[in-house]
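Only one structure is covered here, and it is reproduced in the block below.
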There are 2 protein chains.
Amino acid sequence: MVPEACVQLLPVSPPTVNWNSAVVKNILLVPSSSSAMGGSDDSDLIEQHAEEEMGDKNRAASSASLMGGSSCREGHSSTQSSHRLLAYSDALISIIATVMILPVAHTKVESSEELRQSLQFLLSAKIAVYLMTFLIVTVAWAAHIRLFQVIVRIDDCLALLNLACMMLITFLPYTFSLMAMFPKNILGMLLFCGCVMVIGIIQCVIVLYAFSHPFLLNEQIQISENQNFYKSHILKVIMRVPIMCFFASIFSFIFFQLSYVLLAIVVFLPYISQTFKWCRSKAIGQVEESPDEVLFYTYLPSEPLSKERVEAFSDGVYAIVATLLILDICEDNVPDPAVVQQQFGGSLIAALQAYGPEYLAYFGSFATVGLLWFVHHSLFLHVTKTTRFMGLLNTFSLAFVGGLPLAYQLTHEFPDHSHNELEAIQISCVIVFFAGIFQLAIWVAALYTERESLHPDVWYGGREHVFMLAKLALYPCVALGTFFLTCVLSEFSASIFHLMEITVPFAFLLLRLLVRIGLALLRLLFCPDRPDLRSMVEEDESRVSFNSVVT
Amino acid sequence: MVPEACVQLLPVSPPTVNWNSAVVKNILLVPSSSSAMGGSDDSDLIEQHAEEEMGDKNRAASSASLMGGSSCREGHSSTQSSHRLLAYSDALISIIATVMILPVAHTKVESSEELRQSLQFLLSAKIAVYLMTFLIVTVAWAAHIRLFQVIVRIDDCLALLNLACMMLITFLPYTFSLMAMFPKNILGMLLFCGCVMVIGIIQCVIVLYAFSHPFLLNEQIQISENQNFYKSHILKVIMRVPIMCFFASIFSFIFFQLSYVLLAIVVFLPYISQTFKWCRSKAIGQVEESPDEVLFYTYLPSEPLSKERVEAFSDGVYAIVATLLILDICEDNVPDPAVVQQQFGGSLIAALQAYGPEYLAYFGSFATVGLLWFVHHSLFLHVTKTTRFMGLLNTFSLAFVGGLPLAYQLTHEFPDHSHNELEAIQISCVIVFFAGIFQLAIWVAALYTERESLHPDVWYGGREHVFMLAKLALYPCVALGTFFLTCVLSEFSASIFHLMEITVPFAFLLLRLLVRIGLALLRLLFCPDRPDLRSMVEEDESRVSFNSVVT
């Protein structure tokens, strides 16, 4: 079945390596859990150094991809850089992850009290489906990243296999929503397990194919002596999920509750195994990691995750979410000429005024999502290395961002000063708050390993540290403030909310100024004896002193 | 209103330039129209050389952006590479360009003959809206590319201004569909013109801001002496569109037909002016271009267009289009438990079988869009320089791709062997044919200037030339074949169509083999005297000889 084109391949030009093998060994060793927690500094530094070197090589490869892949095609004419394939996959997966918010958004909320009970149940079920789908799709995405951190070049066969894999991943949300709507029917479960098993088999084929053409692989594996060990390790990790799904689908015939438990284990497997390892290391002391262990497929929270792909995925989610409302508006809010003639006496303006609140919701949600993207963008400009833990926090942030347009739409759907309006506005505030606070958490997590994860400008005491903090903290603070203000002044909740929408963009424009004023005020309060005239000149110094005051 | 943060900026580190100024001048000169047609070789070569050098610099800058923007931030701490901002803008614009297909897709086509007449009118109106929106949004996108080919670095202010610009661009399709539904009401026109004017003003602010902070600019402009000339030229070109929209909105009060003409001129302005120039040059002989003319904002078909952004935009469109049907399926095709209980006696499988054709439509359209993406990807791997003309052809191809899911959905909506089914299948074939033929046209256009636009592998007589031709020609040929087969064997149209859907992915997998067999056969036919045994060994030579036979 494997076509001739994929078999007849020239031998590869040997990779140009000039680092000594000691460094290589150091890279391939898993960081022991103590060093991952920031313990032993020496090994940390060596490792970081080695990784930087490695990173440079990866970057060189990815920059080569921008040059039309010309340098990548040296090995064989049909070999290509994987850059664009991965960008396309990221776009597909981000759309699929976000799309399950649509059934939630299109559930009509009735004002009458009788229907509310059943609708609230339906709505919460749909929200649960949305969150679970988002989680599952991002788990599949993380597995995809991991796979293509090992395989760094592609050819036509791999591109086509990857497209087949994508097709099945995009079908997952549907099987999952079947499962949620008919929890006692095993069909949804079987479809889901079937998809996951086929995805696993395709991924195994991809791995086998890539290992039979080693020039497609990561340079570390390409030059290593025990390629077979890597192959079996990777295959073992990949096959774990389909095998568990296979058992889940068999158990679903016998005792279907058990299969749900199995599926939950599949999703949370990395976290469970990590917690288990951590407990064991605490209980029986430091466990020596076997030297054969690899850097890939470790499930350690500090395992690197391609920063470029985290950015691409986040961009996709932010872009879809920002435009979700305009999709609805374009489809539903163009009035029918006949209706305009009958109901509004031919006045288009009057007809459009009925939709007024929806335009407001669109601009509000676009601005909020856009500014959250802006904060994310500013943060990741200063991030130099992404870990799996940071990726997880990013996923949580994005899951909340996905709910934002819905919340904004709700704020404008109810009559003024009603209880529902207040509730909707407060839900919006809560969503914005969590979306922002998880972004802040990414930064805090990065600060724990700031030497390898962050640009020196935003380290503790760095030039941009306070400014970055202000950027990240602005939305959570504003959302929290609005929430409590609406609790107290529930009469004016809508006005407060609109005021917030309008002022936040200007706050971002003037943020640098505001931070400076804030710092000056703080200095006045805490060190009033220092002359204030020099404050503008000695900016950097003052920031450092502020840090030492606060932290 | 400009915040302090944006004003207090350090002087830039001087750009490291080591090319002599003669080369620089040569770049900044507009290629005279004869050399653009492949005429004078000498100046062409110099220019190409200079451009390659320039391209390397751009690539270096963009690869720096992948390194966390660290090297870009050298100039000033708040300066950032624009890479991710542009990727996000591309994602937003591609979603908006594609989204107007949704109202078309959701128009229910009735089988009864009475309603068909009015529905066909409505449908064709909506398709016209879709195509026009696609065109207008891509014109806005091309303007955005042009702007950010001049401005290569951003800071926070520019990022926020760009987001504001994006918000208005995403609102354009709605105003346009208002215009289409109420052609005699001036409100849609006024809204559209208002949006365009505000976008123009924001872009002017961006240009003014960037020229007041020259380190944000392209290196060519940064080092040139007459920056002011560039500034006024760019502003003049940008302001042309809003000013015409201003007149259009004024005329709409007096004589609204005229304003539509004005708008059409706005959209086609580049092409009109280009045709006019070309005619003039033919009529009165070669016109000497003034030496002050710049490479940017020329409206020449050979003006370079950022290849990276063309790829990003295409990826966005392909990703949205591939998932359009699953969005519908996830929302509409999860049956209600009560309905399943009542109508299907609790059998979920029976209920889902009713949706069977829609799953088939999904997989069919995903596979087709995915494979068209694959062809596009293979083509652009070998493209080294994109021009405005190639961008235009790409836009046409994408516009057809956008209609694909709709066509596929239609093929499964009608009863078997009906006249409608045959029509729908033939429409699908036509759409696939045009989407593929425009991709082929991009390659043909690139071949006219193959030395600067293509990788040597796919030049006439290059190693991959025939293979690339086969890849690009596969879909148009298959679509054409299916079309004529369904004309002849209209009884079996559905089976033929499904057979095509299944065989095409395998054809792509085996394409290299098929091309080789085809070549061997051709050789047997045309040069039967050559020994066939050496054919596999002398592959490259045989390809060259094939080229000399065919061309």
Q | Members of the range B:302-326 that are closer than 12 Å to B:Gly402 by Cα and either of a type in the set (Val, Ile, Thr) or touching a strand residue (DSSP E or B) at 6+ places or on another chain (Cβ under 7 Å) (or both) | A | B:Val317, B:Ile320, B:Val321, B:Thr323
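Could you tell me whether the range B:458-465 includes any residue that is surrounded by fewer than 19 Cβ atoms within 10 Å (Cβ to Cβ) and part of a helix (DSSP H, G or I)? If you could, list the steps in order and put the result at the bottom.
Narrowing the range B:458-465 to residues surrounded by fewer than 19 Cβ atoms within 10 Å (Cβ to Cβ): B:459-461, B:463.
From what's left, part of a helix (DSSP H, G or I): none.
No, there is no match, as no residue in the range B:458-465 is surrounded by fewer than 19 Cβ atoms within 10 Å (Cβ to Cβ) and part of a helix (DSSP H, G or I).
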**Q.** Residues located in the range B:345-361, provided they are within 11 Å of chain A (Cβ to nearest Cβ) and in contact (Cβ under 8 Å) with a residue 12 or more places away in the chain
**A.** B:Leu348, B:Ala351, B:Leu352, B:Tyr355, B:Glu358, B:Tyr359
**Q.** Among residues of the range A:184-210, those that are free of Cβ contacts under 8 Å to residues at least 60 places away in the same chain and not in a helix (DSSP H, G or I), counted
**A.** 1
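Which of the residues spanning the range A:508-522 are charged (D, E, K, R) and more than 7 Å from chain B (Cβ to nearest Cβ)? Even if it seems obvious, please write down each step before you answer.
Here is the first cut: in the range A:508-522, the residues charged (D, E, K, R) are A:512, A:516.
Once the filter is applied, which keeps residues that are charged (D, E, K, R) and more than 7 Å from chain B (Cβ to nearest Cβ), the range A:508-522 yields only A:Arg516.
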Q: Could you grab me the full set of residues in the range A:256-279 that are more than 12 Å from A:Met189 (Cβ to Cβ) and of a type in the set (Phe, Trp, Tyr)?
A: A:Phe268, A:Tyr271, A:Phe276, A:Trp278
Q. Out of curiosity, is B:Met197 closer than 25 Å to B:Arg309 by Cα, surrounded by 23 or more Cβ atoms within 10 Å (Cβ to Cβ) and not basic (Lys, Arg)?
A. no
Q: Could you run through the range A:436-456 and say how many residues are surrounded by 17 or more Cβ atoms within 10 Å (Cβ to Cβ) and charged (D, E, K, R)?
A: 2
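Within the range B:180-196, does at least one residue satisfy the condition of being under 25 Å from the mean Cα position of the chain (by Cα) and facing another protein chain (nearest Cβ under 10 Å)?
To start, the set of residues in the range B:180-196 that are under 25 Å from the mean Cα position of the chain (by Cα) comprises B:180, B:192-193, B:195-196.
Still in the running and facing another protein chain (nearest Cβ under 10 Å): B:180.
Checked the range B:180-196: at least one residue is under 25 Å from the mean Cα position of the chain (by Cα) and facing another protein chain (nearest Cβ under 10 Å).
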Q: Within the range B:200-219, work out how many residues are surrounded by fewer than 20 Cβ atoms within 10 Å (Cβ to Cβ) and over 21 Å from B:Ala140 (Cα atoms).
A: 3
Q) Across the range A:466-482, what is the number of residues that are buried (at least 18 other Cβ atoms within 10 Å of the Cβ) and either of a type in the set (Asp, Glu) or closer than 21 Å to A:Ile427 by Cβ (or both)? A) 6
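Checking the conditions here, which among A:Ala164, A:Ala159, A:Ala140 is among the small types (Gly, Ala, Ser) and either more than 9 Å from every other protein chain (Cβ to nearest Cβ) or without any contact (Cβ under 8 Å) to a residue 24 or more places away in the chain (or both)? Let's see the steps before the verdict.
Details: A:Ala164 fails: either more than 9 Å from every other protein chain (Cβ to nearest Cβ) or without any contact (Cβ under 8 Å) to a residue 24 or more places away in the chain (or both); A:Ala159 fails: either more than 9 Å from every other protein chain (Cβ to nearest Cβ) or without any contact (Cβ under 8 Å) to a residue 24 or more places away in the chain (or both).
Every option except A:Ala140 fails the conditions.
Would you say B:Phe433 is surrounded by fewer than 21 Cβ atoms within 10 Å (Cβ to Cβ) and modelled with pLDDT of 85 or more?
Spelling it out, B:Phe433 is indeed surrounded by fewer than 21 Cβ atoms within 10 Å (Cβ to Cβ) and modelled with pLDDT of 85 or more.
Can A:Val267 be described as among the β-branched types (Val, Ile, Thr), under 21 Å from A:Pro183 (Cα atoms), surrounded by fewer than 19 Cβ atoms within 10 Å (Cβ to Cβ) and modelled with pLDDT under 80? Steps first, answer last, please.
On the way: among the β-branched types (Val, Ile, Thr): yes; under 21 Å from A:Pro183 (Cα atoms): yes; surrounded by fewer than 19 Cβ atoms within 10 Å (Cβ to Cβ): yes; modelled with pLDDT under 80: yes.
Considered against the rule, which asks whether it is among the β-branched types (Val, Ile, Thr), under 21 Å from A:Pro183 (Cα atoms), surrounded by fewer than 19 Cβ atoms within 10 Å (Cβ to Cβ) and modelled with pLDDT under 80, A:Val267 comes out as yes.
How many of the residues in the range B:329-344 are hydrophobic (A, V, I, L, M, F, W, C) and either more than 8 Å from every other protein chain (Cβ to nearest Cβ) or over 43 Å from the mean Cα position of the chain (by Cα) (or both)? Steps first, please.
Step one: list which residues in the range B:329-344 are hydrophobic (A, V, I, L, M, F, W, C), which gives B:329-330, B:334, B:338-340, B:344.
Narrowing the set further to residues that are either more than 8 Å from every other protein chain (Cβ to nearest Cβ) or over 43 Å from the mean Cα position of the chain (by Cα) (or both) leaves B:338-340, B:344.
Of the residues in the range B:329-344, 4 are hydrophobic (A, V, I, L, M, F, W, C) and either more than 8 Å from every other protein chain (Cβ to nearest Cβ) or over 43 Å from the mean Cα position of the chain (by Cα) (or both).
The values are calculated or read from the model by the stated rules, or taken from the named source; none is laboratory data. What you see is a predicted model; the values in this text were computed from it and never measured. In this analysis, Cβ positions are derived from the backbone assuming ideal geometry, glycine residues included, and neighbour counts consider all displayed protein chains.
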